[in-house]
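Encoded as structure tokens, the structure appears first; notes follow it.
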Amino acid sequence: MRRWILAIPALFLAWSGLYAQEFDADFEDATLRLDYVMCGDAHHQAIYFQRALKTSEWAGRRNNLTKPLLEGNGQIRVLDPETGACLYANSFSTLFQEWQVTTEALHVQKAFENCFQVPFPKRPVDVEISLVDTHRKVSSCLKHRIDPKDILIRRVADNGLSSAVVWQGGPLDKTIDIVIVAEGYTEAQKGKFFSDAQRAARAIFRHEPFATLRDKFAVRAVFAPSHDSGVSVPRRGEWKDTPLESHYDTFYSDRYLTTSSMQKVYDVIGTTPFEHIIVLVNTPIYGGGGIFNSVTIMDSDHPTFNAVLVHEFGHAFGGLADEYAYGDQEETPYPADTEPWEPNITTLHDFGAKWQDMLPAGTPIPTELDELDTKQDVRRIWHTLTPEQKAQLNLKLGVYEGAGYQTEGVFRPVQECRMRINECEEFCPVCSRALVRLIDYYTE
Ligand SMILES: [Zn+2]
């Protein structure tokens, strides 16, 4: 019996060793940063390669190398040039694709910066980067060769900026590595930044499933001093000199705080190893954003900080969709003939791939909302609800119509979730399961 118990860890070690061998066969313990420009309009797009850089040790996953768990709106793949075999792949979404469904994109062409990281190859490889449209069909693709001996791959040196470990749940090669980057903090506000970064980490690890699985994460913070304190607010004519050039009013939406200067974000991070970025913006003005495997960006001092940070991190880390609807868009990102890749919404095109297995037998599809959620704006009365009433709205699984910005044709798993309203304290069971699966995928 004892031998049998010992056999399991031995087998596990053998598998771990195999994964490590696969990684070591193709890659160095180093990171290749690749910068691209994506440009076009509502109907056309193109991707251009700009430059390659060698940065830090590799902080990304060393197993599950070739298949992203979530499809994203685009993928980057490293291929063996002789066999075409995939050696590494990752998925992402972009601000560029969000812009493509705005009315501005109907009459102007624009360019957006994007940076990606892949493990540094030992031999020449092909890198293929592709974007998909709302029907999950490839709409644009660029393939180019990277020779690791190319003298024009810039070797990035330590940029000398201050950094600190905010949370270390385990060793670098076993944890999911988050970096928090300062934006709009002057030299005199350095202490405030590191304290805000601690507060950000606490906000995330206070929420399940991150609380239980916090030992699978590491969080670092990098401080870049800003000339001005605060952030640009274009609708007020306020433009500030800040390291990452972030601003509100992205796509003319008041609360949409983003930065289009992704190369500056990556330059500030420099040689700090990371997989996920949180840009913390020194302002009390409500706003933020989260783009899958790209960036979470967040105000530091609005009273809703904890709730909104975790929501935006749900997008950027977890690939979770918004479960709210605010009217019917002219251009839906979720057409009826396509199942979205996001785990927490469905068009019912392929519901079996979503939470059908979690649904109690006999649940009607679509599911009617409870009276609690129909006779008033639940956000206004949330603080008056009993724990039982909140649980009913947050935990009772169904297929409720209205999600992904659409009041019709897109469905969510519960009536209220952290991905729907700021007032709801918890992720729903479907979002939670998706996050646990993703954390396991990164760390197993
Ligand atoms: Zn949810």
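The values are calculated or read from the model by the stated rules, or taken from the named source; none is laboratory data. Everything numeric in this text was worked out from a predicted model, so none of it was measured. Please note: Cβ atoms are built from the backbone with ideal geometry, for glycine as well, and neighbour counts cover all protein chains shown.
Set side by side, the residues Asp377, Asp373 differ, and just one is within 16 Å of the ligand (Cβ to nearest atom) and more than 27 Å from the chain's Cα centre (by Cα), which is Asp373. Taking segment 398-423, which residues are of a type outside the set (D, E, K, R), more than 9 Å from the ligand (Cβ to nearest atom) and closer than 28 Å to Lys216 by Cα? If the condition is that a residue be of a type outside the set (D, E, K, R), more than 9 Å from the ligand (Cβ to nearest atom) and closer than 28 Å to Lys216 by Cα, then Ile421, Asn422 are the ones that fit.
Among the residues that make up segment 172-179, is at least one of them assigned to a strand (DSSP E or B), closer than 16 Å to Val279 by Cβ and among the hydrophobic types (A, V, I, L, M, F, W, C)?
Yes, some residue in segment 172-179 is assigned to a strand (DSSP E or B), closer than 16 Å to Val279 by Cβ and among the hydrophobic types (A, V, I, L, M, F, W, C).
Contact map, segment 95-107: first residue closer than 16 Å to Val37 by Cα, second residue assigned to a loop (DSSP other than H, G, I, E, B) and at pLDDT 95 or above, Cβ cut-off under 6 Å, separation 6 or more or different chains; pairs are Gln97/Asn73.
The rows are residues; the columns are (1) surrounded by fewer than 21 Cβ atoms within 10 Å (Cβ to Cβ); (2) within 18 Å of the chain's Cα centre (by Cα); (3) in the same structural domain as Ser56 (by TED's automatic domain parsing).
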| position | (1), (2), (3) |
| --- | --- |
| Arg220 | no, yes, no |
| Gly237 | yes, no, no |
| Lys240 | yes, no, no |
| Val265 | no, yes, no |
| Ile277 | no, yes, no |
| Asn282 | no, no, no |
| Gly289 | no, yes, no |
| Met298 | no, yes, no |
| Asp301 | yes, no, no |
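In segment 323-368, which residues are farther than 16 Å from Val132 by Cβ, in contact with a strand residue (DSSP E or B) (Cβ under 9 Å, 6 or more places away or on another chain) and crowded, with 21+ Cβ neighbours inside 10 Å? Within segment 323-368, Glu323, Asn344, Ile345, Thr346, Lys354, Trp355 meet the criteria.
The rows are residues; the columns are (1) of a type in the set (S, T, N, Q); (2) farther than 25 Å from Ser261 by Cβ; (3) at pLDDT 95 or above.
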position	(1), (2), (3)
Ser56	yes, no, no
Asn64	yes, yes, no
Gln75	yes, no, yes
Ala89	no, yes, yes
Gln117	yes, no, yes
Pro121	no, yes, yes
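Could you go through segment 425-432 and let me know if any residue there is within 12 Å of the ligand (Cβ to nearest atom), part of a helix (DSSP H, G or I), β-branched (Val, Ile, Thr) and under 21 Å from the mean Cα position of the chain (by Cα). Yes, that holds for at least one residue.
For the condition assigned by TED's automatic domain parsing to the domain that holds Pro234 and closer than 22 Å to Gly402 by Cα, Ala321 does not qualify.
Residues in segment 156-176 that are closer than 25 Å to Arg51 by Cβ and in contact with a Ser or Thr (Cβ under 9 Å, 6 or more places away or on another chain): how many? Reasoning before the result, please.
In the first step, residues of segment 156-176 are kept if they are closer than 25 Å to Arg51 by Cβ; the result is 156-161, 163.
Then keep just the ones that are in contact with a Ser or Thr (Cβ under 9 Å, 6 or more places away or on another chain); that gives 156-159, 161, 163.
Residues in segment 156-176 being closer than 25 Å to Arg51 by Cβ and in contact with a Ser or Thr (Cβ under 9 Å, 6 or more places away or on another chain): 6 in total.
Of the residues Ser226, Ser232, Ser195, the single one that is surrounded by 19 or more Cβ atoms within 10 Å (Cβ to Cβ), free of Cβ contacts under 8 Å to residues at least 40 places away in the same chain and over 21 Å from the mean Cα position of the chain (by Cα) is Ser232. Residues of segment 198-218 that are more than 26 Å from Ile285 (Cα to Cα), of a type in the set (Gly, Ala, Ser) and surrounded by fewer than 19 Cβ atoms within 10 Å (Cβ to Cβ): Ala211 alone.
At least 3 residues being within 27 Å of Val436 (Cβ to Cβ) is the threshold, and among the helices (runs of 4 or more DSSP H) wholly inside segment 298-405 those reaching it are 305-316, 387-395.
Evaluate segment 318-325: report whether one residue or more is in contact (Cβ under 8 Å) with a residue 60 or more places away in the chain, within 16 Å of the ligand (Cβ to nearest atom) and more than 23 Å from the chain's Cα centre (by Cα).
Our first condition is that a residue be in contact (Cβ under 8 Å) with a residue 60 or more places away in the chain; within segment 318-325, this holds for 318-325.
Keeping just the survivors that are within 16 Å of the ligand (Cβ to nearest atom) gives 318-325.
Right, trim to more than 23 Å from the chain's Cα centre (by Cα) and you get none.
Checked against the condition, which is being in contact (Cβ under 8 Å) with a residue 60 or more places away in the chain, within 16 Å of the ligand (Cβ to nearest atom) and more than 23 Å from the chain's Cα centre (by Cα), segment 318-325 yields no hits at all.
Please report, ordered by residue number, the strands (runs of 3 or more DSSP E) entirely within segment 43-106 with at least 1 residues that are within 18 Å of Leu320 (Cα to Cα). Show your work before the answer.
Values: elements: 45-54, 74-79, 86-92.
Per the criteria, 74-79, 86-92.
The residues on offer are Ala89, Ala105, and the sole one that is in contact with a Lys or Arg (Cβ under 9 Å, 6 or more places away or on another chain) and small (Gly, Ala, Ser) is Ala89.
From Arg136, Arg155, grab the single residue that is touching a residue at least 40 places away in the same chain (Cβ under 8 Å), at positive phi and either surrounded by fewer than 19 Cβ atoms within 10 Å (Cβ to Cβ) or assigned by TED's automatic domain parsing to the domain that holds Thr272 (or both). Spell out how you get there, then give the answer.
Numbers: Arg155 fails: at positive phi.
When all the criteria are applied, what remains is Arg136.
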